[in-house]
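The values are calculated or read from the model by the stated rules, or taken from the named source; none is laboratory data. If you're wondering where the values come from, they're calculated on a predicted model, not measured in any experiment. Using ideal geometry, Cβ is built from the backbone for each residue, glycine included, and neighbour counts are taken over all protein chains shown.
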Amino acid sequence: MSLSATGVEVERTSASMRASIDLATPLILESARTLAQTRRCLAATRRCIALSRRLLNPAWGISGAADIDPHISIRERLERGALSLASKAVAARWGSGQSCVVCERLIAPSEIANGSVGTDGARLWTHLTCLRIWRAETAAFEVRQIARERNVQGELCAFVRRGFANGTIEILPHNRSRLGRGVNGPCSVCRRHVSPNETAYEVVGGVLGRPAYAHPICYRVWWIESLANRKSQTSHPTTW
Ligand SMILES: [Zn+2]
Ligand SMILES: [Zn+2]
């Protein structure tokens, strides 16, 4: 085989490798999502098992979150992605035996049950005191999340903050987005072109009425810095 033929072959091989890597990216992201969802399901199932055993006979109770400091339990579950962040949108009603996601005890008819929707769409119930703990731990979790992101993506985070300050980057109104391909236009963060065969996040409903999308890393920093911005604007913990 001549040298030039080898060169063509190498080029072909690297092109096909690039295509495979490109194809693998959404699969990896999708797998990570599915894994997080499975972990949440598993945690919910374990709670149900523990709850059922306590109902049958309190002596059989599995030693779990209900037996330890609820702050520690919630912190650990948030870090693992086994529990959604506490929502601001909560509907209160009288308890009817729902299981509290924080303390894992039943909510009696004499108590207030606070219902909210988790990130996977499941309805979650809590006692009022448990809701306060959940919200406090969610706020603390977000602070840690912001610190971690700035630690890893310091330069991009600073770029986004400057963009917010000079009006070249809009603050994300929420964190609802779609991950996929097919968009064609500039990234809302770095302004580099996003081509239809690239994986990108598209903001649901756009921003200020215009379609908005960003590369995966750009989107994550955009979301984190938008969260940090909202937190700095209010004295109350912000979650969305
Ligand atoms: Zn509770
Ligand atoms: Zn970008």
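List pairs: first residue in the stretch 97-109 and assigned by TED's automatic domain parsing to the domain that holds residue 127, second residue more than 9 Å from ligand 1 (Cβ to nearest atom) and in a loop (DSSP other than H, G, I, E, B) anywhere in the structure, Cβ distance under 6 angstrom, at least six positions apart or on different chains.
Final answer for the pair search is 106/97; 107/95; 108/95; 109/95.
Which is touching a residue at least 24 places away in the same chain (Cβ under 8 Å), assigned to a strand (DSSP E or B) and closer than 30 Å to residue 75 by Cα, of 201, 219?
Among 201, 219, only 201 is touching a residue at least 24 places away in the same chain (Cβ under 8 Å), assigned to a strand (DSSP E or B) and closer than 30 Å to residue 75 by Cα.
Just the residues that are acidic (Asp, Glu) and away from ligand 2 (no atom under 16 Å from the Cβ), please, taken from the stretch 113-170.
Once the filter is applied, which keeps residues that are acidic (Asp, Glu) and away from ligand 2 (no atom under 16 Å from the Cβ), the stretch 113-170 yields 120, 137, 142.
Search the stretch 80-111 for residues being of a type in the set (D, E, K, R) and either in contact with a Cys (Cβ under 7 Å, 6 or more places away or on another chain) or assigned to a loop (DSSP other than H, G, I, E, B) (or both), and hand back the single one that is nearest to ligand 1 (Cβ to nearest atom).
First, pick out the residues of the stretch 80-111 that are of a type in the set (D, E, K, R): 80, 88, 93, 104-105, 111.
Narrowing the set further to residues that are either in contact with a Cys (Cβ under 7 Å, 6 or more places away or on another chain) or assigned to a loop (DSSP other than H, G, I, E, B) (or both) leaves 88, 104-105, 111.
Numbers: 88: 19, 104: 7, 105: 6, 111: 9 Å.
Residue satisfying both the conditions and the ranking: 105.
Those residues that are touching a strand residue (DSSP E or B) at 6+ places or on another chain (Cβ under 6 Å) and of a type in the set (Asp, Glu), I need them from the stretch 151-179; list them, please.
170
Limited to the stretch 183-197, what total is found for residues that are assigned to a loop (DSSP other than H, G, I, E, B), surrounded by fewer than 20 Cβ atoms within 10 Å (Cβ to Cβ) and near ligand 2 (Cβ under 10 Å from one of its atoms)?
Final tally of qualifying residues: 3.
Considering each residue of the stretch 75-110, count those that are among the β-branched types (Val, Ile, Thr), at pLDDT below 95 and buried (at least 19 other Cβ atoms within 10 Å of the Cβ), and give that number.
Within the stretch 75-110, residues that are among the β-branched types (Val, Ile, Thr), at pLDDT below 95 and buried (at least 19 other Cβ atoms within 10 Å of the Cβ) number 2.
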